[in-house]
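Data first, discussion second: the structure below is written as structure tokens.
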Amino acid sequence: MAISSDMLVQRSAPLDESTDESKEVVRAITRGEVDAFVISSGETEEVVLLGAADRTYRHLIDKMHQGTVNINRDGIILFANKQFAAMIGIPGSELIGSALGQYVLPESRAGLMSLLEEGARKTEEITFIRSDDQAFPAQVSAELMSGEEKLFCLVISDLTDKKRHEALVSAEALGRAILEQAVDAIVVCDTRGRVIRASEAAHELCGCNPLLQPFNSVFRLDSDDGKPDLDAVFGGQILRRKPFSLVRSESEQVHLLLSAGPVHDSESRVLGCVITMTDVSELRHAEEEMRRVDRSKDDFLAVLAHELRNPLAPIRSALEYLNSEGHQGPTQIHARAVIGRQVDNLVRLVDDLVDINRIRLGKIQVKRDVVDLCKVLERAVESSRPATAQRKQQLEVVLPAAPVAVRADTVRMCQVFLNLLNNAAKFTPDGGHISIGLNTDEGHAIVAVKDSGVGISAEMMPRIFDAFVQGPLPTGGSTAGLGVGLTLARRIVELHDGKIDVTSDGTNGACFVVRLPLAGDTIAEQLPVDATQARVPRRKILVVDDNVDAADTLGVLLEQSGHEVRVLYYGLDAVKTATTFRPDVVLVDLDLPDITGHEVLMRLKESASTRGCMAIALTGYGAHGDLQKSKDAGFDHHVVKPVEIGKLQQLLATA
């Protein structure tokens, strides 16, 4: 009898339904959803309790502190206890049937696969991922369960607390090592200001065990602002390298730099503060010694300048006298020219030496007015001609016909261009060519000083404006000098809001270019280049100087100019003579053998007969502080030796 396909379908349907039902029962039993089932046989029924067999097992598994998972060899979860579900943050019912690998950090999945090798029985550290994407480390041990199908039982221990503890232990060990080896004194205080941790250096600094003692009691720190304010630190203030001193004994004081900041917990609550103290006593002593040496050097330079200027004063005065007496023979004229040039050189060397020290101290000053730069350049050229003429060098001067107004200190700017011209003459061979020219461009006056000298090497170029730096002189060149002229020139130009540059190919001369801002104001009236012949009314002048040659030659010059002069060498003699001589002007050297020039002036001011005379300080000291002292003492003017008779005549004209 033939059976149709429809009949087969009808007959197999109950079988398929029975098979599906059996699979569902198996899945339910596997998932732990069935505690018992009933077996019917004819008229009898038998109840089989599954829970009776494994309820106790599951209860124990759920009570474990470790997570437990049963998986097949493909990593599919067949069972997971409550602890593992809590670790992952997913209900246990949702874990069943899912792949364990999806809860493992990708970098750790290789370790998981090694656990699932056939017959494996081992332990691995694996990083799992919670449902909130937070990772946690775990130690996983695996054991192959018996049965034909390869099933594994994994026991998972969360290592988070262990790792945290290990990190804390390591951090504690590291902190202890830092405190033991730190050079600086490190202190940790609680919110009551008590020391709870201290480095070895902190113990040595205070000389005792500071633990559990108030910080400000055991570390007796002080400063201009008082003791360290720990309350302010607890309030959020951070102290950085604040200077304090610690007195350990009557004879020992430690200089410290203190830094401090608050320590917060994870909820931003203040737990205390950390204080670091750096001992800078040796550095402070070294700085004080450097300042002492610096002061000694400044004093030495001032005394040196004073002692050099003293002998220059009578030489210049004698030269002025010789020039005025009309000794015009060729030999005499040549001798006077030589003396004049060498005196000017010595004066310039002394002035440069003093000026470079003023630049280093930031005390060089300029008095700017609107002047014609052409006139300034003419003065510089006139002063430089003896140097160029001596070496038969050609000096070309190119100046515009119209005035060029700039805001400048005439004396200082003349010094700049004279230094550049003298520098060109020094490094240009005999018979060479030097030029100086002035033009304007884009709101600036531009002065160029060119020479045909030896040039500036590439190695020397970056340092050409540094103090005491000089290039090689040409064959037969003059003496090198101090090497500060260009340094002075650059600083003075900068004080005029200008700029100085130099170019050179290294062999064929050099070109220095000075740029100064133009001024739109009216040009101030300038004194003539030669003011030595200015007419001055006859004055009664008292000259007081213990340098006999300087006093006598200056007295002769003043008498020759038509003044009535008294020359004295001691301060007390001057005070006595002044009461009867009644001078209009008193020229007083400040360093006299009996009393100082300041005291001479004070006594003259006390007398009605001499109170109104002009007082001029005559000295070899020319620092800014020296000028201020003279002004404070009541002097009308402060003149630095050697005196230029022309400038002195200008002062006498105002008496």
**Conditions (1) of a type in the set (Lys, Arg); (2) under 30 Å from Pro243 (Cβ atoms); (3) touching a residue at least 40 places away in the same chain (Cβ under 8 Å); number of the one not met by Lys150** = (2)
**Message:** Which of the numbered conditions does Val247 fail, given that it passes all the others? Conditions: (1) surrounded by 15 or more Cβ atoms within 10 Å (Cβ to Cβ); (2) assigned to a strand (DSSP E or B); (3) touching a Lys or Arg at 6+ places or on another chain (Cβ under 8 Å).
**Reply:** (1)
**Complete:** Sole miss for Met602 among (1) surrounded by 15 or more Cβ atoms within 10 Å (Cβ to Cβ); (2) in a helix (DSSP H, G or I); (3) over 44 Å from the mean Cα position of the chain (by Cα) is condition (1)
**Asked** Name the residues in the range 178-207 that are under 31 Å from the mean Cα position of the chain (by Cα) and among the hydrophobic types (A, V, I, L, M, F, W, C), would you?
**Response** Ile178, Leu179, Ala182, Val183, Ala185, Ile186, Val187, Val188, Ala201, Ala202, Leu205
**Message:** Among the listed residues Phe84, Phe128, identify the single one that is in contact with a helix residue (DSSP H, G or I) (Cβ under 7 Å, 6 or more places away or on another chain) and either modelled with pLDDT of 90 or more or under 30 Å from Gly261 (Cα atoms) (or both).
**Reply:** Phe128
**Request:** Determine if the range 255-266 includes at least one residue that is in contact (Cβ under 8 Å) with a residue 12 or more places away in the chain, of a type outside the set (Asp, Glu), in a strand (DSSP E or B) and farther than 25 Å from Arg176 by Cβ.
**Result:** yes
**Asked** For the range 607-625, what are the residues that are closer than 16 Å to Arg539 by Cβ, touching a strand residue (DSSP E or B) at 6+ places or on another chain (Cβ under 9 Å) and in a loop (DSSP other than H, G, I, E, B)?
**Response** Thr610, Cys613
**Fill in**
Taking the range 187-210 and keeping residues buried (at least 22 other Cβ atoms within 10 Å of the Cβ) and more than 20 Å from Leu257 (Cα to Cα) leaves none
**Asked** Cβ-Cβ below 9 Å, separation at least six or inter-chain, first residue in the range 272-285 and under 19 Å from Val218 (Cα atoms), second modelled with pLDDT under 85 and exposed (fewer than 15 other Cβ atoms within 10 Å of the Cβ): which pairs?
**Response** Thr276/Ala182; Thr278/Val183; Asp279/Val183
**Asked** Has the range 163-177 got at least one residue that is crowded, with 16+ Cβ neighbours inside 10 Å and either within 47 Å of the chain's Cα centre (by Cα) or not assigned by TED's automatic domain parsing to the domain that holds Ala99 (or both)?
**Response** no
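Mind checking which residues of the range 418-454 are part of a loop (DSSP other than H, G, I, E, B) and surrounded by fewer than 20 Cβ atoms within 10 Å (Cβ to Cβ)?
Pro429, Asp430, Gly431, Glu442, Gly443, Ser452 - these are the residues of the range 418-454 that are part of a loop (DSSP other than H, G, I, E, B) and surrounded by fewer than 20 Cβ atoms within 10 Å (Cβ to Cβ).
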**Message:** Checking the structure you have, find out if any residue of the range 211-222 is touching a helix residue (DSSP H, G or I) at 6+ places or on another chain (Cβ under 8 Å), within 23 Å of Ser281 (Cβ to Cβ) and touching a residue at least 60 places away in the same chain (Cβ under 8 Å).
**Reply:** yes
**Message:** Within the range 104-111, does at least one residue satisfy the condition of being over 57 Å from the mean Cα position of the chain (by Cα) and free of Cβ contacts under 8 Å to residues at least 24 places away in the same chain?
**Reply:** no
**Prompt:** Can we say Gln139 is surrounded by 14 or more Cβ atoms within 10 Å (Cβ to Cβ) and closer than 19 Å to Leu159 by Cα?
**Reply:** yes
**Fill in**
Condition set surrounded by 13 or more Cβ atoms within 10 Å (Cβ to Cβ) and over 18 Å from Ala201 (Cα atoms), scope the range 250-263, selection nearest to the chain's Cα centre (by Cα): answer is Gly261
**Asked** Which members of the range 172-217 meet the condition of being out of contact with any Gly (no Cβ under 9 Å at 6 or more places or on another chain), among the aliphatic types (A, V, I, L, M) and not in a helix (DSSP H, G or I)?
**Response** Ala182, Val183, Ala185, Ile186, Val187, Val195, Ala198, Leu211, Leu212
**Complete:** In the set Arg385, Arg379, the lone residue that is over 40 Å from the mean Cα position of the chain (by Cα), more than 21 Å from Pro517 (Cβ to Cβ) and not assigned by TED's automatic domain parsing to the domain that holds Asp294 is Arg385
**Request:** With respect to Lys162, determine if the residue is free of Cβ contacts under 8 Å to residues at least 60 places away in the same chain, part of a helix (DSSP H, G or I) and charged (D, E, K, R).
**Result:** yes
**Request:** Being surrounded by 15 or more Cβ atoms within 10 Å (Cβ to Cβ) and either without any contact (Cβ under 8 Å) to a residue 40 or more places away in the chain or not aliphatic (A, V, I, L, M) (or both) is the filter here, so list the residues in the range 388-417 that pass it.
**Result:** Thr388, Arg391, Gln393, Leu399, Arg407, Asp409, Thr410, Arg412, Cys414, Gln415, Phe417
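This table checks each residue for (1) modelled with pLDDT of 85 or more; (2) of a type outside the set (S, T, N, Q); (3) not in a loop (DSSP other than H, G, I, E, B).
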site: Gln470; (1), (2), (3): no, no, no
site: Thr479; (1), (2), (3): no, no, no
site: Ala489; (1), (2), (3): yes, yes, yes
site: Asp521; (1), (2), (3): no, yes, no
site: Leu527; (1), (2), (3): no, yes, no
site: Thr532; (1), (2), (3): no, no, no
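To keep it simple, each residue is scored yes or no on (1) at pLDDT 90 or above; (2) small (Gly, Ala, Ser).
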residue: Gly92; (1), (2): no, yes
residue: Val104; (1), (2): yes, no
residue: Arg109; (1), (2): no, no
residue: Leu116; (1), (2): no, no
residue: Asp132; (1), (2): yes, no
**Prompt:** Is it true that some residue in the range 306-315 is at pLDDT 80 or above, out of contact with any helix residue (DSSP H, G or I) (no Cβ under 6 Å at 6 or more places or on another chain) and either under 30 Å from Arg192 (Cα atoms) or of a type in the set (Asp, Glu) (or both)?
**Reply:** no
**Message:** So, in the range 188-210, how many residues would count as being closer than 20 Å to Gln253 by Cα and touching a residue at least 12 places away in the same chain (Cβ under 8 Å)?
**Reply:** 8
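The values are calculated or read from the model by the stated rules, or taken from the named source; none is laboratory data. Fair warning: this is a prediction, and the values are worked out from it, not measured in the lab. FYI the Cβ positions are ideal-geometry reconstructions off the backbone, even for glycines, and counts take in every protein chain you see.
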